[in-house]
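Only one structure is covered here, and it is reproduced in the block below.
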Amino acid sequence: MTALLATSDPVLLEFAELVRTEGKVAVEGNRTRWDVGGMLDAEARVLSAPEGIVDYKPDEMTAVVRAGTTVAELHAALAEKGQRSALPERGGTVGGALAVGESDFRSLGRGLIRTCLLQIRYVSAEGRIISSGGPTVKNVSGFDLPRLMVGSLGTLGLMAEAIIRTNPIPPASQWLSAPGVPTRVVADAVLAPSSLYEHEGTTWVQIEGHAADVTAEIAVLKNSGDFDEVDAPDETQRPAPAPKIAVDAVVSALNDQIKRNFDPDGRLNPGRDVLAA
Amino acid sequence: MLERLRALRGGESETSGDPAIDALRAVLGDRAKLDSARQALHSHDASVFEDGNSGPVCYPETTAEVQAIVRIAREHQRSIVPRGAGTGLAGGAIPLGAPVVVAVTRMNEIFEIDEDKRVAWVGPGVINLDLTRQLQPRGYHFAPDPSSQQVCTIGGNVGNNAGGPHCLAYGVTNAHIVAMEVVLPNGEVAMLGSVDGETLGYDLRGVFVGSEGTLGIVTKVAVRLTKNRPEVRTLLLSFDSVTDAAQTVSDIIADGIVPAALEVMDHKITVAVENFVNAGYPRDAAAVLLAEVDGLSAGVDIDAERIGEIGLSNGATDVRLAGSEEERALLWKGRKTAFGAIAQIAPDYYLHDTVVPRSALAGVLEQIYEIADRYELIIMNVFHAGDGNLHPLIVFDGREPGVLDRVHAAGGEIITASLEAGGVLSGEHGIGVEKQKFMNLLFTDDDLDHQNRLRQAFDPGCRTNPGKVMPVGHSCADIQSLKRRPTGVWG
Ligand SMILES: Cc1cc2nc3c(=O)[nH]c(=O)nc-3n(C[C@H](O)[C@H](O)[C@H](O)COP(=O)(O)OP(=O)(O)OC[C@H]3O[C@@H](n4cnc5c(N)ncnc54)[C@H](O)[C@@H]3O)c2cc1C
Ligand SMILES: Cc1cc2nc3c(=O)[nH]c(=O)nc-3n(C[C@H](O)[C@H](O)[C@H](O)COP(=O)(O)OP(=O)(O)OC[C@H]3O[C@@H](n4cnc5c(N)ncnc54)[C@H](O)[C@@H]3O)c2cc1C
């Protein structure tokens with residue numbers, strides 16, 4: 001009998017065909033983070049991942065989406081049902097966002113990107129479609145390959161389709177900012193800000209929830225510092241993602257071993273190195 | 001749990017005649033134990049599966065000692081199995097092939113509570129509830145709250161990616177582990193993740209959580225602190241049918257509410273609990289739904305009211321809001337002592353664990369009742385309905401001849417029914433030895449081969465918790481040869 005997670009979606013099978021079983025190969029999204037982890041080997045063939053939202057179930061809080069779909073398109077569909085996801089919407093694709101693995105600057109409210117990937121289907125170095133995880137919001141069925149794929153820069157597998165966990169958009173939202181209030185003071189004052197950071201001497205906070213609670217939290221914030229209601233921060237008002245922390249030789253060796261086990265000939269996204277990202 | 005009769009005899013032998021044991025004793029002294037009583041005690045966990053056989057049982061107190069144990073085992077080509085409190089229900093801590101059992105229960109120190117970074121560094125042997133009790137006065141708690149939280153360890157929670165009633169809103173263990181120190185199967189110490197931000201490389205912290213002790217031994221954990229919620233509302237809704245309760249759960253989620261907890265108990269378990277603790281549950285309801293919302297005062301009232309309305313529109317016969325902290329505590333006591341309550345019905349139980357899409361809950365429950373009838377077994381249901389996590393509880397008397405075969409057959413059908421409804425094998429107990437043979441139902445050989453590649457990157461020799469998770473036919477899964485203690489091993 002066939003395994004229940006096996007796919008017969010012709011679109012995915014065709015993508016696997018394109019990856020083939022040999023030769024250097026990479027996937028491009030919208031190239032918004034194209035050079036992270038190093039320049040792509042010039043010999044590599046460049047493919048695009050399949051596109052389209054396959055199945056969105058608002059009451060399960062899950063969306064099956066092909067990796068080449070833009071995050072913007074996915075989020076537009078979710079918003080129609082009052083939902084969103086932890087994927088950063090910055091001009092890229094679902095597969096690109098997962099491969100890069102940076103979280104949205106509002107991750108306190110939306111969740112970290114690595115927690116939103118419930119199931120992944122990717123094409124392996126052998127040109128096979130591999131599925132891992134599952135369609136439910138809770139799952140410990142075997143080794144957690146979805147975790148491995150988030151932030152993998154396409155070096156272990158080329159992502160074809162993902163199941164993303166969605167979340168309801170809270171009824172009310174307000175941004176506030178104030179000069180020079182330590183983030184710890186804000187974190188202690190309010191219950192659960194959806195975003196909280198300091199940038200160039202200004203502290204930014206997003207409060208979300210039921211309208212009356214948001215109003216109450218705004219009052220609390222104004223007592224703890226010189227906060228004003230403001231529009232959501234624009235590009236210049238947010239810090240660039242913090243540089244990643246280097247790992248020691250033991251962990252580096254483990255990373256290298258994983259890469260060798262998944263892609264012994266180094267054909268997937270050659271030139272990118274997760275340890276150099 | 002099966003009542004096990006054990007010979008509590010035997011003692012430490014002075015000279016072992018086994019160089020591996022001598023080496024372990026040189027490091028650990030009398031904390032390396034090789035007496036038959038202790039080995040018997042560590043040959044099983046809380047599951048119903050056949051006992052394994054334990055080699056020496058070691059109680060390290062430091063990372064350096066864990067590292068020494070792993071190196072000695074490696075040098076003498078013995079395998080190891082990490083162990084916490086042994087409350088696992090999938091057999092993850094059952095020793096196969098006489099491995100060194102590394103019981104981390106003495107590594108139970110809370111090293112540091114860092115409120116700036118909102119993390120606490122703790123030993124893997126810290127008991128889940130003890131951690132939350134230490135955090136409470138400062139206004140925090142550790143969010144995963146398995147029903148076994150009075151005894152299970154943080155290391156075991158990491159091993160199984162444990163969940164609990166309140167993981168609906170806050171996420172399971174993986175969302176609450178920021179970093180950890182582990183001793184790898186090659187004996188090196190590695191720090192996975194960081195409390196200071198994202199690290200370069202693959203998310204090894206993420207893949208370690210839920211790996212059931214097969215990738216190494218956790219020796220220190222940085223857990224995320226969750227701020228206590230100022231306001232909580234707890235509702236008890238009663239229904240004439242399990243289907244109505246399940247529909248209510250789906251509708252609550254579809255309405256955009258993310259409750260802190262949504263727990264369903266069916267008639268049989270409700271009556272058992274009521275007889276046991278008098279929690280104030282209705283004895284005549286076909287199902288009760290325990291719903292909790294937390295947060296700030298305005299939102300919890302709005303959400304609680306809405307949940308009541310959704311329940312009534314689905315035919316709830318009663319909606320009750322806990323009027324006091326005592327009443328709330330009593331309602332939860334009922335839920336959390338459900339497993340103790342069933343002891344009055346039959347001496348043994350087998351607690352299953354599958355997840356299905358919420359919309360499939362009612363249909364799969366119907367199939368479970370039908371399976372129970374067919375196998376002439378009592379099956380009760382108490383489960384984390386909010387995330388579709390079913391916990392069918394088969395109660396039986398293990399002394400009845402042949403009953404265990406029926407229990408396993410019925411369990412197999414429950415798993416198949418869950419998978420066919422679009423579900424997965426486990427929500428929080430893991431695969432262990434319980435569900436290896438079902439892995440092929442879900443995953444292709446290629447899928448399993450890739451899982452194995454991850455495992456082998458950590459443990460190429462398959463010496464860390466061998467015979468678990470991967471089904472027979474894949475390397476690291478060859479349990480046949482592990483069933484019996486190889487002659488000559490451990491004297
Ligand atoms: C101004 C600006 C600000 C940004 N801020 C943020 C931010 O705060 N947080 C954040 O997360 N992102 C941020 N981004 C990045 C952006 O959000 C990208 O979404 C995303 O991470 C990359 O998507 P992409 O489709 O453009 O990928 P690309 O740039 O096309 O690809 C990135 C890498 O992923 C690989 N890849 C792409 N698709 C796949 C696939 N299907 N399978 C395997 N590998 C694949 C590529 O080979 C490449 O190595 C920002 C971008 C810009 C321009
Ligand atoms: C009555 C009852 C109710 C339960 N309710 C729940 C529930 O609500 N939710 C839930 O998720 N589970 C529940 N469980 C299952 C179990 O309690 C949890 O899985 C728990 O996390 C196991 O912790 P432990 O310390 O007992 O681990 P053990 O059983 O000792 O070990 C579990 C696994 O983790 C590995 N492990 C242990 N320590 C380490 C370490 N230091 N490093 C690496 N690996 C390690 C072991 O090898 C094993 O594979 C319940 C069990 C019982 C008996």
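Only the coordinates and a few stated rules stand behind these numbers; no lab work does. These figures come from a predicted structure and were not determined experimentally. Note that each Cβ is placed from the backbone with ideal geometry, even for glycine, and that neighbours are counted across all protein chains shown.
What to note about this one:
- Members of A:Lys81/B:Lys117; A:Lys138/B:Lys333; A:Lys138/B:Lys435; A:Lys81/B:Lys227 lying beyond 28 Å, as alpha-carbon distances in this model show: A:Lys81/B:Lys117; A:Lys81/B:Lys227
- Each Lys and Arg Cβ is given +1 and each Asp and Glu Cβ -1; about its Cα centre, the protein assembly as shown then shows a dipole of about 1880 debye.
- Cα centroid of segment B:438-474 to Cα centroid of segment A:30-74, whole Å: 28
- For the protein assembly as shown, taking a cut-off of 4.7 Å between Cβ atoms, the unpaired cysteines are A:Cys116, B:Cys58, B:Cys152, B:Cys167.
- Remark: mean inter-chain Cβ contacts per residue of A:126-136 equal 6, using a 10 Å Cβ-Cβ cutoff to other protein chain atoms.
- Amide hydrogen proximity for A:His199: with H placed 1.01 Å from N in the peptide plane, the residues at 5 or more positions away or on another chain lying under 5 Å are A:Trp204.
- Mean sequence separation of contacting Cα pairs (under 8 Å, at least six apart), scaled by the length of segment B:231-339, corresponds to a relative contact order of 44 percent.
- With the helix formula -39500 (n - 2.57) applied to DSSP H stretches of n ≥ 4, the protein assembly as shown reaches a computed 222 nm mean residue ellipticity of -8500 deg cm²/dmol.
- Rg to Rh quotient for the protein assembly as shown, alpha carbon positions, Kirkwood Rh: 0.95
- Packing-based ranking, highest mean first, of B:448-456, A:266-274, B:159-167 given that Cβ atoms within 10 Å are counted: B:159-167, B:448-456, A:266-274
- With the simple model of a label 7 Å out from the Cα in the direction of the Cβ, B:Gln344 to B:Arg406 spans 2.4 nm.
- Mean sequence separation of contacting Cα pairs (under 8 Å, at least six apart), scaled by the length of chain A, corresponds to a relative contact order of 22 percent.
- Around the Cα centre of chain B, unit charges on the Cβ atoms of Lys, Arg, Asp and Glu (plus for the first two, minus for the last two) sum to a dipole of about 1480 debye.
- Reference-scaled alpha-carbon Rg (2.2 N^0.38 Å with N residues) for segment B:231-339: 0.98
- Percentage of interatomic Cα-Cα distances in segment B:119-193 larger than 13 Å: 67
- Positive end of the dipole of segment B:67-113 (Cβ unit charges, origin at the Cα centre): among B:Gln77, B:Phe111, B:Gln67, the Cα lying farthest that way belongs to B:Gln77.
- Rounded to 10°, Cα long-axis angle of helix B:445-458 versus longest principal axis of chain B: 60
- For chain A, the residue among A:Ile169, A:Leu108, A:Leu275 whose Cα projects farthest onto the positive side of the dipole built from Cβ charges is A:Leu275.
- Cα-projected label distance for B:Arg31 with B:Asp446, points at 7 Å along beta-carbon direction, nm: 4.8
- Counting only the Cα atoms, chain B fills a convex hull of 148 Å³ per residue.
- Segment B:346-420: C-alpha pair distances exceeding 15 Å, %: 49
- For B:Glu231, residues with placed amide H under 5 Å, excluding near neighbours: B:Gly295
- Under the criterion of Cα pairs below 8 Å and six or more residues apart, the relative contact order for chain B equals 16 percent.
- Each of A:Ala249, B:Val424, B:Phe339 was scored by the projection of its Cα onto the charge dipole of the protein assembly as shown, and the greatest displacement toward the positive side belongs to A:Ala249; charges sit on the C-beta of Lys, Arg, Asp and Glu.
- Magnitude of the charge dipole, segment B:2-103, Cβ model with Lys/Arg +1 and Asp/Glu -1, debye to 20: 100
- Shape annotation for segment A:18-69: C-alpha extents along the principal axes are 45, 25, 13 Å, from largest to smallest.
- At R0 = 22 Å, FRET efficiency that the Cβ-Cβ distance of B:Arg306 and A:Ala219 yields, to 0.05: 0.35
- Coupling constants for segment B:68-79 follow from the phi torsions by the Karplus curve (6.51 cos²θ - 1.76 cosθ + 1.60, θ = phi - 60°), and in residue order they are 5, 4, 4, 5, 5, 4, 5, 4, 9, 6, 10, 8 Hz; glycine and proline get x.
- If you wrap the tightest convex hull around every Cα atom of segment A:146-275 and split its volume per residue, you get 163 Å³.
- The 3J(HN,Hα) values that the Karplus relation (6.51, -1.76, 1.60; θ = phi - 60°) gives for segment A:226-238 are, in residue order, 7, 7, 10, 5, 9, 6, 4, x, 8, 3, 6, 9, 10 Hz. Gly and Pro appear as x.
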